[in-house]
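Student: To start, I am sharing the structure in question, which I have written as structure tokens.
Read-outs throughout are calculated quantities, based only on the coordinates presented, and are distinct from any laboratory measurement. In this text the structure is predicted, and so the values were computed from the model without any measurement. Virtual Cβ from ideal backbone geometry, glycine too; neighbours counted across all protein chains shown.
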Amino acid sequence: MKSEASVSAKHTTKPVATAAHTHGVSRLAMMVIAFFASPLGLARMYRGDPNGKVRFWLYVGAMFAMAVPYVNIIAGLVMLVLLVWGVVDFFTLYGETHDAQGQPLLTTARDERWIEMMRTVYIVVLVISAAMLLIAISLSINGLTNSSPHYIPRGRYY
């Protein structure tokens, strides 16, 4: 018969490692999430930052509030703030090298090349979007204020 000490030694449990210690957070995955879902805060949530959960639920609440008349104006402003916050957050996360618990982000040289390429594409898309927005605003202002005096409507209205 085995002694009680040898049985208890076999059945002792080891301390369970936390999720942060069993696997790392990939820097490339974090940046891909930030690239495609900036306003949602999912990259921050992936990184372990509680700020990401707040942003995600603000976004979900604003989406539902868009269906309510008059509240949709406030929801639209919240969405605009989250969009700007997402753009700023993309560049903030670009400089991050550790997750929210202080563990280093997993990355390789290949990942760094992809992240640099994504940053370049992100900047190009932002510049093109800003140019299109400025053109649309200038055309709408020009169309509202500079009506052509030479336009004569044809048809039965005059």
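Student: Applying the Karplus parametrisation 6.51 cos²θ - 1.76 cosθ + 1.60 with θ = phi - 60° to the phi angles of region 93-105, what ³J(HN,Hα) value in whole Hz is obtained for each residue in order, glycine and proline being reported as x?
Tutor: With the stated coefficients, region 93-105 comes to 5, 4, x, 6, 10, 10, 7, 5, 8, x, 7, x, 6 Hz.
Student: For each of Ser26, Ser140, Ser38, count neighbouring Cβ atoms within 10 Å of the residue's Cβ, then give the residues from fewest to most.
Tutor: Ranking Ser26, Ser140, Ser38 by Cβ neighbours within 10 Å, fewest first, gives Ser140, Ser26, Ser38.
Student: Report the chymotrypsin sites (Phe, Trp or Tyr not before Pro) located in region 24-129 that are in a DSSP loop and have at most 16 other Cβ atoms inside 10 Å of their Cβ, or state none.
Tutor: Tyr70
Student: If you don't mind, another one. By count of other Cβ within 10 Å, fewest leading, how are Leu93, Leu80, Leu40 ordered?
Tutor: Leu80, Leu40, Leu93
Student: How big is the charge dipole of region 25-143 about its Cα centre, in debye rounded to the nearest 20, if each Lys and Arg gets +1 on its Cβ and each Asp and Glu gets -1 on its Cβ?
Tutor: 100
Student: Hey, fewest Cβ within 10 Å first, where do Met66, Met31, Met117 land in order?
Tutor: Met117, Met66, Met31
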